[in-house]
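The values are calculated or read from the model by the stated rules, or taken from the named source; none is laboratory data. Model, not experiment: these values are computed from the prediction. Neighbour counts are summed over all protein chains in view; Cβ atoms, including those assigned to glycine, are modelled from backbone coordinates with ideal geometry. For the accessible areas, the whole protein counts, side chains as well, though only heavy atoms, and no ligand, DNA or RNA atoms are used. Shrake-Rupley method; radii C 1.70, N 1.55, O 1.52, S 1.80 Å.
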Amino acid sequence: MRYLTFALAKGRLANKSMELFEKIGIPCEEMKDKTSRKLIFTNEELGVRFFLAKANDVPTYVEYGAADVGIVGKDTLLEEGRKLYEVLDLNMGRCRMCVCGPESARERLKHHELIRVATKYPAIAKDYFYNKKHQTVEIIKLNGSIELAPIVGLSEVIVDIVETGSTLRENGLTVLEEVCPLSARMVVNQVSMKMEHERITKIIQDLRALIQQEA
Ligand code: PRP
């Protein structure tokens, strides 16, 4: 039996995903050893293996078939725009992609003024402003702590993830517009979907049933 390989976005999402896999009978004991420096974890009995990757790299591994299946946020999928099948909403990591800023930026945004938008998600921001709103903006790519940008005057607004809203509140910022809802998704390589149809379909069905049961 060929190994079925899973790429998981590092962090909270990976831990939650492993809980789901364990519940549908695909545990990976090797992965629970937090002291291990191993990069890939195998369950020989089931012919599956898991590895952790930076979220942005998960769609790349899946598109090229280095992983058959990936678990990653919809934000990353939209930003990376890779060719793969998105097969399941895992109903976890729910949050929103939003345009945020100080209340004072609301009018400038509304009147389509040429504003600067700081974001970790330039492709999502570009699609939103250019294709959906037909608004010309200047997009500035940042790599983290995006909320800083309007505070120190780098940009008028930001496009970023809002989960509880506490980062915004604590920094005097607010949601100005909603771009789209987000959550964790399961994605599948397009060739794997055909070659390993039975195994992958079974996993999708089991996960879907579990998610509905837990909802
Ligand atoms: C994310 C996001 C916001 C924050 C939103 O940042 O970019 O900053 O979480 O969460 P909240 O609405 O619950 O406050 P993350 O902590 O992932 O790090 P980053 O700022 O370096 O991107």
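Counting the residues of segment 53-68 that are in a loop (DSSP other than H, G, I, E, B) and of a type in the set (Phe, Trp, Tyr) gives 1.
From the list Asp57, Asp33, which residue is loosely packed, with under 15 Cβ neighbours inside 10 Å and not basic (Lys, Arg)?
Working: Asp57 fails: loosely packed, with under 15 Cβ neighbours inside 10 Å.
The unique qualifying residue is Asp33.
Could you tell me whether segment 153-173 includes any residue that is part of a loop (DSSP other than H, G, I, E, B), away from the ligand (no atom under 16 Å from the Cβ) and over 26 Å from Leu13 (Cβ atoms)? Yes, that holds for at least one residue. Every condition in (1) more than 18 Å from Pro102 (Cα to Cα); (2) touching a residue at least 40 places away in the same chain (Cβ under 8 Å) holds for Thr136 except the one numbered (2). One residue alone among Val72, Val87, Val117 is in contact (Cβ under 8 Å) with a residue 60 or more places away in the chain and within 15 Å of the ligand (Cβ to nearest atom), and that residue is Val72.
Could you please find all residues in segment 1-38 being basic (Lys, Arg) and either more than 19 Å from Val188 (Cα to Cα) or without any contact (Cβ under 8 Å) to a residue 12 or more places away in the chain (or both)? So that I can check it myself, show each step before the final result.
Step one: filter segment 1-38 for residues basic (Lys, Arg), giving 2, 10, 12, 16, 23, 32, 34, 37-38.
If the condition is that a residue be basic (Lys, Arg) and either more than 19 Å from Val188 (Cα to Cα) or without any contact (Cβ under 8 Å) to a residue 12 or more places away in the chain (or both), then Arg12, Lys23, Lys32, Lys34, Arg37, Lys38 are the ones that fit.
Taking the criterion of being modelled with pLDDT under 95 and surrounded by 16 or more Cβ atoms within 10 Å (Cβ to Cβ), the residues of segment 93-134 that qualify are Gly93, Leu109.
Just give me the residues in segment 142-152 being in contact (Cβ under 8 Å) with a residue 24 or more places away in the chain, touching a strand residue (DSSP E or B) at 6+ places or on another chain (Cβ under 9 Å), open to solvent by 10 Å² or more (accessible area, probe 1.4 Å) and within 11 Å of the ligand (Cβ to nearest atom), in sequence order. Write out each step before concluding.
First pass over segment 142-152, keeping only residues in contact (Cβ under 8 Å) with a residue 24 or more places away in the chain: 142, 144, 146-147, 149-150.
Okay, now just the ones that are also touching a strand residue (DSSP E or B) at 6+ places or on another chain (Cβ under 9 Å), so 142, 146-147, 149-150.
Okay, now just the ones that are also open to solvent by 10 Å² or more (accessible area, probe 1.4 Å), so 142, 147, 150.
Scanning segment 142-152 gives Leu142, Glu147.
Leu84 - would you say it is open to solvent by 20 Å² or more (accessible area, probe 1.4 Å) and within 29 Å of Ile139 (Cβ to Cβ)? Answer is yes for this residue. When we screen Glu29, Glu79 for residues that are among the acidic types (Asp, Glu) and modelled with pLDDT under 95, the only hit is Glu29.
Of the set (1) more than 14 Å from the ligand (Cβ to nearest atom); (2) touching a Cys at 6+ places or on another chain (Cβ under 6 Å), all apply to Met186 but (2). The residue list Ser192, Ser145 contains one member that is within 30 Å of Phe6 (Cβ to Cβ), at pLDDT 95 or above and not basic (Lys, Arg), which is Ser192.
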